[in-house]
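What follows is calculated from the coordinates using simple rules that are stated; it is not laboratory data. As the structure is a computational prediction, the values presented were derived from the model and not from experiment. Don't worry about glycine lacking a Cβ; one is built from the backbone with ideal geometry, like all the others, and counts go over all protein chains shown.
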Amino acid sequence: MTEIGIGIIGGGYMGKAHAVAMSAVGPIFDTTLRPRLEMVCARSAKSAETYRKAFGFARATDNWETLVADPKVEAIIIASPQETHRAIAEAAFALNKPVFCEKPLGASLVDSRAMVKAAAGQISMTGFNYIRTPASQFARQLISDGAIGDVTWFRGEHTEDFLADPQSPANWRTDGDANGTMGDLAPHMVNGALALIGPIMSVIAEVETVHDKRPGGNVTNDDHGQMMCRFQNGAMGQMYFSRISHGRKMGYAYEITGTKGAIRFDQEDQNALWLYSMDEPEKTRGFRKILTGPAHPDYEAFCQGPGHGTGYQDQITIEARDFLHAIETKIPVWPTFQDGMEVNQVIAAAMASSRSKTWIDVASV
């Protein structure tokens, strides 16, 4: 076993998740590389020290450049606001340090493309955790193995209700395109669609702000959006994204129809996958609930009991395992910065379509 010094920029929601994952990944997956929580960076020295003590880092700083340049920090996780991603990644790659960056890759498509260029020949990963549940990994296997035949239709959504109340005050989430629904929630399901079905060729979309004023200020970004798309393999698709969907807490859900069957999944019941096969006898034919267990991808490392289930934090730990494996083998692991940029490109095409009210070829953006 070899230690590797980890630096995490951002100590909030995702910073904590990655710190916990890096602490747990060694014993869970018996990784050759064993992370050492070397340094955490936050907006203020006080916050950074609080995170250091809480998460078990050796040191803390309020300057990301200090963290990136430190020789004991050998790999970097970016869990800070989107507008900081590009500068941090470029500085890290200039020092030949592997980088894991939370989604969306950049605050804009221009930023994402610059980050892909900087990452050339180096280890990079983009954080899309939901597609890594054992159930969704199994769905990818079923589709690849032809269990539902040729895919003809995809429906996906990422819906939540954290801003469903119009009296919820304006905050950082209500300012700037990168923090709107299309910048914040949509990338997860677009990534899921690309992983499950393949490249998206064209889109037509509508993006809308429903509550343009909130207590404390005006809203400058979108509340929800919808789009139809055409995949490279010929399948039709439609997706909906919302932060104002009453009752939805983690509505990352999809339906996939093929020529021989169908698949359903809902992240709010993340340990179950629903499969329909036309090969079943007609009198018993119907959607069958498959509870995940040790027979499914990455499940057994967490639990040996079928149906006992994995959780959100486990998804982040799986990402940590993959990042360490990429560093160890020097072989890129999906999703790289290139994959993250392709998600941004679909989102940019959707935004352009909403403005022009026409179909947009993704490659033209």
(request) Please list, in chain and number order, the residues 5+ apart from Ile244 or on another chain whose amide H is under 5 Å from its amide H, with Hs placed from the backbone. (result) Glu160
(request) At a Cα cut-off below 25 Å, give the lysines reachable from Lys103, other chains included and same-chain residues fewer than 8 away excluded. (result) Lys16, Lys117, Lys249, Lys330
(request) Would you tally the net charge around Leu95, using a Cβ to Cβ cut-off of less than 12 Å, leaving Leu95 out, and scoring K and R as +1, D and E as -1? (result) -3
(request) May I ask for the Rg/Rh ratio of the chain, computed from Cα atoms with Rh as the Kirkwood radius, given to two decimals? (result) 0.97
(message) Kirkwood hydrodynamic radius, computed over distinct alpha-carbon pairs, for segment 1-68: how many Å, to one decimal?
(response) 11.9
(request) Hand me the trypsin sites (Lys or Arg not before Pro) from segment 255-363 located in a DSSP loop with no more than 15 other Cβ atoms within 10 Å, in residue order please. (result) Lys260, Arg285, Lys330, Lys357
(request) Note down the relative contact order for segment 53-120 as a percent, whole number, built from C-alpha pairs under 8 angstrom at least six residues apart. (result) 30
(message) Counting only other residues whose beta carbon sits under 12 Å from that of Arg86, what net charge do I get with K and R as +1, D and E as -1?
(response) -1
(message) Considering the Cα positions of segment 221-343, please state its Rg to one decimal place and its Dmax as a whole number of Å.
(response) 17.8, 52
(request) Distance between Cα centroids, segment 48-100 to segment 272-335: provide it in whole Å. (result) 30
(request) Return the whole-Å distance between the Cα centroid of segment 151-182 and the Cα centroid of segment 186-239. (result) 10
